[in-house]
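K.L.:
Next up is a structure, given as structure tokens.
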Amino acid sequence: MHSPQQHGIKTGFTIVELVVVIAVIGILATIVIASYGAWREKVATSLVKNDLHAAAAAMQGARNFNDTYPLSIPSTFEATENVQVTYMSGNAYGYCVQATSTEESSVQFYIEETNTEPQPGTC
């Protein structure tokens with residue numbers, strides 16, 4: 001049997017084929033990176049909102065025992081890793097607590113005593 005080189009046939013990939021393969025890999029990588037960024041933001045948003053609800057529950061628990069809201073977040077509350085929760089303002093009758101993701105700084109919400117759903121932004 002004769003080898004392909006004996007008949008003048010060369011095996012391998014052409015430059016065009018290689019460029020097409022590289023372009024397809026590049027497009028797939030771009031899609032993966034974009035999806036990963038959106039996923040990270042969703043996870044950060046969920047963590048921040050969950051921590052705000054937990055902080056609000058701690059504030060309400062303190063109010064139930066003392067008939068007034070505390071002037072800081074109770075020690076019974078502990079923030080999740082990668083979330084910073086800050087007591088912004090308040091008095092015996094209400095409060096405002098803000099939470100920010102330390103990994104996705106654009107993810108920032110706040111919750112007030114009169115508002116049970118976290119809101120984007122600051123107090």
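K.L.:
Test of understanding: in a Gaussian network model of the chain with alpha carbons linked when under 10 Å, which of VAL19, VAL83, VAL107 would top the mean-square fluctuation ranking?
P.N.:
Top of the fluctuation ranking is VAL19.
K.L.:
Relative to the present Cα-Cα distance, how much length would full extension add between HIS53 and ASP67 at 0.36 nm per residue of separation? Write out the running numbers ahead of the final one.
P.N.:
Details: separation 14, 0.36 × 14 = 5.04 nm, distance 1.99 nm.
The HIS53-ASP67 span can extend by a further 3.1 nm.
K.L.:
Just to verify a number: FRET efficiency for VAL43 and THR76, C-beta to C-beta distance, R0 = 25 Å, to 0.05? Show your work: numbers first, answer last.
P.N.:
Working: r = 25 Å, r/R0 = 1.00.
After rounding to 0.05, the efficiency reads 0.50.
K.L.:
Another question, if that's okay. Pop out the Kirkwood hydrodynamic radius of region 61-123 from its pairwise C-alpha distances, inverse of mean 1/r, in Å to one decimal.
P.N.:
Details: mean 1/r = 0.0814 Å⁻¹.
Computed over Cα pairs of region 61-123, the Kirkwood hydrodynamic radius comes out at 12.3 Å.
K.L.:
Right, another one. At 0.36 nm per residue, minus the direct Cα-Cα distance, what do LYS10 and GLN60 gain on full extension? Give it in nm, one decimal, please. Don't jump to the answer; show the numbers that get you there.
P.N.:
Details: separation 50, 0.36 × 50 = 18.00 nm, distance 7.79 nm.
Full extension from LYS10 to GLN60 adds 10.2 nm.
K.L.:
Can I ask one more? When the convex hull of the Cα atoms of the chain is projected onto a plane and the area is averaged over all directions, what value comes out in nm²? Don't skip to the answer; put the middle values down first.
P.N.:
Working: hull surface 50.4 nm².
Result: a mean projected hull area of 12.6 nm².
K.L.:
Now for a separate question. For the residue pair SER35 and THR122, what label-to-label distance in nm results when each label sits 7 Å from Cα along the Cα-to-beta-carbon direction?
P.N.:
3.7 nm
K.L.:
Which value in deg cm²/dmol, rounded to the nearest 500, describes the helix-derived mean residue ellipticity at 222 nm for the chain, given -39,500 (n - 2.57) per DSSP H run of n ≥ 4 and division by the residue count?
P.N.:
Working: 1 runs with 52 residues, N = 123.
Mean residue ellipticity at 222 nm (helix-derived): -16000 deg cm²/dmol.
Each reported figure results from applying straightforward, stated rules to the coordinates on display, with no laboratory input. Owing to the predicted nature of the structure, the values given are computational and were not obtained by experimental measurement. For neighbour counting, all protein chains shown are included, and Cβ atoms are generated from backbone atoms with ideal geometry for every residue, glycine included.
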